[in-house]
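A short worksheet on the structure shown next.
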Amino acid sequence: MNNLHKLYLIYAGAGTFLNGTNIVLNIPSTAKNIIIAENNDGWHICSSNHCGIKKVSVNTFKNDGLTVKGETKYYYENNTIKARKNYGDWGDDICLIYLEY
């Protein structure tokens, strides 16, 4: 198998992302890409307005962070993946984070 993946399932309930949420400690140096799939609204579980997936290189993620659908910004700070809501104060935020090696 050429690309091994490490999968993280993150669930955050009402407003949990508002002030930043630590998700995964330390992206290993062997990781090449990060893929984030998210659903930002548990009331509309498969609505295209709230669901999305994006893939970027780990270097790009570490430098620029990633916004999948505009509601939550994922970023890397102090060797920790964090998430912060760009707007809104509630919602069931679910995301999958894949590390591609």
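Values in this text are rule-based calculations from the coordinates and carry no lab data. As the structure is a prediction and not an experimental result, all values here were calculated from the model. When we count neighbours, we look across all protein chains shown, and the Cβ atoms used for this are built from the backbone with ideal geometry, even at glycine.
Summary table below
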| quantity | calculated |
| --- | --- |
| Distance between modelled label sites at Glu100 and Lys54, nm, 7 Å Cα→Cβ extension | 1.5 |
| Distance in nm between pseudo-label sites at Thr67 and Ser29 (7 Å out along the Cβ direction from Cα) | 3.3 |
